[in-house]
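Engineer: Have a look at the structure that comes next, please.
Throughout, read-outs are computed from the coordinates displayed, never taken from laboratory work. From a predicted model like this one, the values you see are computed outputs, not experimental measurements. Glycine gets a Cβ as well: all are built from the backbone with ideal geometry, and neighbour counts include every protein chain shown.
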Amino acid sequence: MSEFDYDVLVIGAGPGGYVAAIRAAQLGLKTACAESRETLGGTCLNVGCIPSKAMLHASEYYDAAANGAMESMGIEVKPKLNLTAMHGQRTDAVDGLTKGIEFLFKKNKIDWKKGLATFQDAHTIKVGDESVTAKNIIIATGSSVTPLPGVEVDNAKQVVVDSTGALELKKVPKKMVVIGGGVIGLELGSVWNRLGAEVTVVEFLDQLLPGMDGDVRKEAAKIFKKQGMELKLKTKVTGCTVKGKKATLTLEPAAGGDEETLEADCVLVSIGRKPNTEGLGLENIGLETNQRGQIETDHDFRTKVDGVWAIGDVVPGPMLAHKAEDEGIACAENIAGQTGIVNHDIIPGVVYTMPEFAGVGLTTEEAIEKAGGDKTKVKVGKFPMMANSRAKTNHEPDGFVKVVADAETDRVLGVWCIASVAGTMIAQAAQAMEFGATSEDIAYTCHAHPTHSEAVKEAAMAVQGKPIHI
Ligand code: FAD
Ligand code: NAI
C-alpha cells in the first residue's frame, strides 16, 4: 500500500492538466485532478479556444452572406442575424466538449476533486474540506486576464469587458474599442466587426501581433484595415470612464504627447494574460515564482520542490493550448519513468481570423539576429496566395507563405503563412522541421493539387529562387 492517496494529483483541468491526468492514468498511475470550475476543460474549452472559434466560424458565415462574398459565387442571400441562436451554438459546442472530458475522466478512472486546491505541504493539498495526498503533484493552474490599471472590467455590465465578456455580448455594439492588437483583440474584434460593429484597435507597439514575422505583422495591418477596422498603433490607453452604457477612453501616443478621447459602447481589454498562482499556497512549499509570476521548471517539468511539477500557461513559453497539452503528456511520462520531451523550438501559433495567420520556428528577424546580424546567412522564399490556384479560385487572394532557411545548410528555420487555412497548412511545416527538413526537402515533396498547401512547396522552391507559378 502506498503512503499516498494518489500517485499523481493534477491541479487544474485545462488542456495541460486534463491531458496530463489522462496520460498518467493510461500509464497505470492512480490519478486525481482538482478543478475549481463547474466544468472541466479549463480556459480553452470554457472561455477560450473553443467558444472563440465557435463565434469566429459562425460570424464568418454571416460576413460571407452579408458582405457580398456569397453573391460573387452566385448565391444571393439576405442574412438576418439571430445572435441568441449564434450564442446557442457556441454554448452547445462548449457543453459537448467539456462533458467529453468528464467522460474521459470516468473512462480512465480519474477522480475529479471539485474545488480550489491549496498546498499544505509538497505532497498534500486541501480541496474544500478534504486533504488529499499524492506522491507527485502537477501544477496546471493556467492563466487569467492581465488587468489594465484605470480600465475596470465589468463583464456583467457589458461595457468594459475581457475576452470572457466579449464572447457573450447580448447585442452587437455600435462602436467597439479593442485595447491590445494581439491574438485575442484581433480574433474577437473580427467577430464583432463581421457582425456589424465599428471596431477600433488601440495597440501600444508600432505593429499588430507581436512575436510574429515582421512581414506578417505588416500585412496584418493592411488586411484588418481593408476589413474595416481602424488601427491606432503606437498608442496607449491612459484611462476610462463609464457613464451608463457608454465608455470614454483617454489615449496618448506611446512616446508621450497630446491626449485624445474615444467613445465606445463596448471596450475589450486584451493586453495579455498572467499565470494563476494566487491562493495556491506556494509559500507553504517554499516555491517562488519568477519576475513574470511564472513557475520555473527544468526540461522535464520538475520545479525546485521535489515531487512538484508544473506545465502549461503557468510556466514560461507561449500561452497556447497545444503547448500545454504536449507538456502534460511529457510530464506524465516523466513521472512514470519514461522520457517525455517537448521541443519548445517548434510550437506553431495560429490566429484564427480570415485569413488565418500562422507561424512556426524563427521569424526572419530572429534568424538574422541568431546569425549575428549577418543577413547573408539567412535565405527567404516567399510565395503569394494570389498565385495559388486554389486560393485564387476560392476568392481568397490575401496572404503569402514565407520559408526562412539557413543559407549554408538549407535547413528550415521558420515558416510563416497568411491564408484562409494557414492553421492547417502550418502543421506540415512543423512536422518537416521536427524531422530537420531542408527547404529542398519540402520543395521536392509532392503536394496534392489544387490545395492551399502547394503554396508551402512553392515558397520552399522560392528559397532556391525557382518557384514555378511566379
Ligand atoms: P487553463 O486552460 O487556464 O486551465 C487551468 C485550470 O485550472 C482552470 O480551469 C482553473 O479553473 C483551474 N485552477 C486554477 N487554479 C486552481 C486551483 N488552485 N485549484 C483548482 N483549480 C484551479 N490557445 C490556443 O492554442 N488556441 C486558441 O485558439 C486559443 N484561443 C484562446 C482564446 C481565448 C479567448 C483565450 C482567453 C485563450 C485562448 N487560448 C488559445 C489560450 C489557451 O486557452 C491556453 O493556453 C490554455 O487554456 C492553457 O492551458 P492550461 O491547462 O495551462 O490552463
Ligand atoms: P497578446 O500578448 O497576444 O497581445 C496583447 C497586445 O496588447 C500586445 O500586442 C501588446 O503590445 C498590447 N498591449 C499591452 N499593453 C497595452 C496597453 N496598455 N495599451 C495598448 N496595447 C497594449 O495577448 P492577448 O491577445 O490578450 O492574448 C493572451 C494570450 O492568449 C496570448 O498570449 C495567446 O497565446 C493566447 N491566445 C491564443 C489564441 C490562439 O492561439 N489563436 C487566441 C487567443 C488567445
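Engineer: Over the chain, what is the percentage of antiparallel beta bridges among all DSSP beta bridges, to the nearest 5?
Structural biologist: Roughly 60 percent of the beta bridges in the chain run antiparallel, per DSSP.
Engineer: Report the FRET efficiency, 1/(1 + (r/R0)^6), for LYS375 and ILE470, where r is their Cβ-Cβ distance and R0 is 25 Å, rounded to 0.05.
Structural biologist: Calculated transfer efficiency: 0.65.
Engineer: Still on this structure, please answer the following. Using all alpha carbons of the stretch 160-271, what is the percent of pairwise distances in each 10 Å bin, ordered from the shortest bin to the longest?
Structural biologist: 15, 49, 31, 4, 0
Engineer: Only bridges with both residues in the stretch 160-271 count here: give the DSSP antiparallel percent, nearest 5.
Structural biologist: The antiparallel fraction comes to roughly 50 percent.
Engineer: So what are the radius of gyration and Dmax for the Cα set of the chain, in Å?
Structural biologist: Radius of gyration, then largest Cα-Cα span, for the chain: 23.5, 71 Å.
Engineer: If the chain between GLU198 and THR91 were fully stretched, how many nm would it gain, using 0.36 nm times the residue separation less the Cα-Cα distance?
Structural biologist: Separation in residues times 0.36 nm, less the Cα-Cα distance, equals 36.0 nm.
Engineer: Residues of the stretch 133-174 with amide nitrogen under 12 Å from the 7 Å Cα-to-Cβ point of THR250?
Structural biologist: In the stretch 133-174, the label zone of THR250 (backbone N under 12 Å from the point 7 Å along Cα→Cβ) covers 150-151.
Engineer: Follow-up. Between ASP300 and GLU365, how many nm apart are label points set 7 Å from Cα along the C-beta direction?
Structural biologist: A separation of 3.8 nm, rounded to one decimal place.
Engineer: Mind checking which lysines have their C-alpha under 27 Å from LYS126, skipping anything on the same chain fewer than 8 residues away?
Structural biologist: The reachable lysines, counting only those whose Cα sits under 27 Å from LYS126, are LYS30, LYS99, LYS106, LYS107, LYS109, LYS113, LYS114, LYS135, LYS274, LYS304.
Engineer: A follow-up question, please. So which DSSP H runs in the chain come out at 27 Å plus along the axis (Cα) with average Kyte-Doolittle of at least -1.0?
Structural biologist: 83-107
Engineer: Would you please name the chymotrypsin sites (Phe, Trp or Tyr not before Pro) within the stretch 369-452 that are DSSP coil residues with at most 12 other C-beta atoms within 10 Å of their C-beta?
Structural biologist: Those satisfying the criteria are PHE435, TYR444.
Engineer: Also: Measure off 7 Å from each Cα along the Cα-to-Cβ vector at HIS395 and SER2, then give the distance between these two points in nanometres to one decimal.
Structural biologist: Output for this residue pair reads 5.8 nm.
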